[in-house]
Amino acid sequence: MTEQAAPRAGLEGVAVADSAIAKIDGTVGELRYCGYLIKDLADHSDFVETSALLWDGELPKQDKLAKLRTDMRQQRGLPTLALDLVQRLAGEQSPMDCLRTVVSALAIGDDVLTTDDAVNRERAIRLTAQLPTIVAAYDRVRKGKSIVEPREDLTHAANFLYMLTGTVPSDEEAEIFDTCLVLHAEHGFNASTFAARVTAATMSDIYSAVTSAIGTLRGPLHGGANTAVMNTLLEIGSVDAVEAHLDGMLARREKIMGFGHRVYKVVDPRALILKQFARDLAKQKGEPKWFEMSERLEELMKSRKGIDMNVDFYSASTYHYMGIDADLFTCVFAMSRVAGWTAHVLEQCANNRLIRPRANWVGPDDRDYVAVDQRS
Ligand code: ACO
């Protein structure tokens, strides 16, 4: 019998492909998209330009970027079937269930099964333009409000907040939200991106890949953590209650959402930027509680467990200050990460091989079939 190497639980540290999209150095807390530091992109780029970078590997020249902005603005609307589905599901299904189902339905009527690069690029642009419309429409319908049509004169971020609330946001709020989208757009071979690539590698279509990714993102160990962070903050309720609540959770050996990371051994650079947004918004809104509770939790987790916050931690209070409901946070993550997912689908399709690992067999061997009436 040949000796089999023990599998790496959770594929930790296993390189599964070559990629030129995101580079993460978890030992020093550095993240780059296509070579550009995340802090530089957060300071100087915006979500649409960053999406172009992820899809093409290069920052777009002026005319290309202008065309992309126009294309995305024009493609925000949803087909009737998708709108009908949102209306049907909004009262009954969770936001992520609805998003997953509607994205899957966007494939209907499109010539689905192709891995053609040009077609996939068009679809990546359209999907990225449409996801915010699904999320905003869902929230409006479940609240008994009428759906707000997208506006072509607003930026990607401002238009989402407008469709959600019916009011055009301030430039400052739209810019903060846009930067949040930049920060969440891509992160290498995280679980949802890996799911997208596994799906794409079977030569399935980009809608299926994004649908797989949405289903994978929603779990609380991944993108679902931002909603879970807000629920923890709401449960704790006050700064004074943070310490006892945390100690109780740790004593019960519960995971504290928004902390820990498979790759980062120091603090996630995106979390630092989000922390500043939460701090600024707390001041602006005159409601320091959520920021102060978060900061206390962060300090205590560091001192009790030595574990740093991750990207989901301060995105929770940041989105809360913007008036976004907690159960929408993971959809907001998906609205951004769709750029990364689709970039990975393009990369996978450009140099494809079926992804098919193996398992070490640990079950019983050589069993004889026993008829049902003779089983003990
Ligand atoms: N709270 C308490 N303890 C933790 C946490 C946490 N958030 N994260 C890690 N630990 C502890 C574990 O209990 C474990 O301790 P042990 O060795 O004594 O058993 C040790 O640190 C290693 O943790 P693992 O879960 O094995 O680390 P892994 O790399 O598998 O998981 C993960 C990483 C899933 C992110 C984990 O840290 C976690 O569950 N965090 C909370 C959920 C979360 O915030 N997810 C979002 C991640 S970012 C993103 O996906 C966008």
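Where a number appears in this text, it was derived from the coordinates with a stated rule and is not lab data. Fair warning: this is a prediction, and the values are worked out from it, not measured in the lab. Don't worry about glycine lacking a Cβ; one is built from the backbone with ideal geometry, like all the others, and counts go over all protein chains shown.
Taking the stated definitions as given, is Ser45 more than 21 Å from Glu122 (Cα to Cα), away from the ligand (no atom under 16 Å from the Cβ), hydroxyl-bearing (Ser, Thr, Tyr) and touching a residue at least 60 places away in the same chain (Cβ under 8 Å)? Show your work before the answer.
On the way: more than 21 Å from Glu122 (Cα to Cα): yes; away from the ligand (no atom under 16 Å from the Cβ): yes; hydroxyl-bearing (Ser, Thr, Tyr): yes; touching a residue at least 60 places away in the same chain (Cβ under 8 Å): yes.
Yes, satisfied.
Mind checking which pairs have a first residue in segment 234-262 that is at positive phi and a second that is assigned to a helix (DSSP H, G or I) and within 13 Å of the ligand (Cβ to nearest atom), Cβ under 6 Å, 6 or more apart or different chains?
Final answer for the pair search is Gly258/Ala225; Gly258/Val229; Gly258/Asp312; Gly258/Phe313.
Quick check, is Lys275 within 16 Å of the ligand (Cβ to nearest atom), of a type in the set (Lys, Arg), buried (at least 19 other Cβ atoms within 10 Å of the Cβ) and within 23 Å of Gly29 (Cα to Cα)?
Values: within 16 Å of the ligand (Cβ to nearest atom): yes; of a type in the set (Lys, Arg): yes; buried (at least 19 other Cβ atoms within 10 Å of the Cβ): yes; within 23 Å of Gly29 (Cα to Cα): yes.
So Lys275 fits the description; yes.
Tally time: how many residues in segment 181-198 are farther than 17 Å from Ile38 by Cα, crowded, with 21+ Cβ neighbours inside 10 Å, touching a residue at least 24 places away in the same chain (Cβ under 8 Å) and away from the ligand (no atom under 12 Å from the Cβ)? It would help to see each step written out before you state the result.
As a first pass, look at segment 181-198 and keep what is farther than 17 Å from Ile38 by Cα: 191-198.
Remaining after also requiring crowded, with 21+ Cβ neighbours inside 10 Å: 192-193, 195-197.
Remaining after also requiring touching a residue at least 24 places away in the same chain (Cβ under 8 Å): 192-193, 196-197.
Filter once more, keeping what is away from the ligand (no atom under 12 Å from the Cβ): 196-197.
So the answer is 2.
Could you identify the single residue in Leu272, Leu300 that is touching a helix residue (DSSP H, G or I) at 6+ places or on another chain (Cβ under 6 Å) and on the phi < 0 side of the Ramachandran plot?
On the way: Leu272 fails: touching a helix residue (DSSP H, G or I) at 6+ places or on another chain (Cβ under 6 Å).
The match here is Leu300.
Could you grab me the full set of residues in segment 94-109 that are more than 10 Å from Tyr207 (Cα to Cα) and surrounded by fewer than 18 Cβ atoms within 10 Å (Cβ to Cβ)?
Passing the criteria: Ser94, Asp97, Gly109.
For Leu297, are the conditions met, namely being buried (at least 22 other Cβ atoms within 10 Å of the Cβ), over 22 Å from the mean Cα position of the chain (by Cα) and within 16 Å of the ligand (Cβ to nearest atom)?
Values: buried (at least 22 other Cβ atoms within 10 Å of the Cβ): yes; over 22 Å from the mean Cα position of the chain (by Cα): yes; within 16 Å of the ligand (Cβ to nearest atom): yes.
Judged against the criteria, Leu297 is a match.
Just checking, how many residues over segment 42-66 are among the charged types (D, E, K, R) and surrounded by 12 or more Cβ atoms within 10 Å (Cβ to Cβ)?
In the first step, residues of segment 42-66 are kept if they are among the charged types (D, E, K, R); the result is 43, 46, 49, 56, 58, 61, 63-64.
Pick out the ones that are also surrounded by 12 or more Cβ atoms within 10 Å (Cβ to Cβ) and you get 46, 49, 56, 64.
Here the count works out to 4.
Taking the options Leu328, Leu354, name whichever one is within 30 Å of Ile125 (Cα to Cα), exposed (fewer than 10 other Cβ atoms within 10 Å of the Cβ) and touching a helix residue (DSSP H, G or I) at 6+ places or on another chain (Cβ under 6 Å).
Details: Leu328 fails: exposed (fewer than 10 other Cβ atoms within 10 Å of the Cβ).
Exactly one residue qualifies, and that residue is Leu354.
Among the numbered conditions (1) among the basic types (Lys, Arg); (2) more than 9 Å from the ligand (Cβ to nearest atom); (3) touching a helix residue (DSSP H, G or I) at 6+ places or on another chain (Cβ under 9 Å); (4) farther than 22 Å from Cys98 by Cβ, tell me where Lys265 comes up short.
(3)
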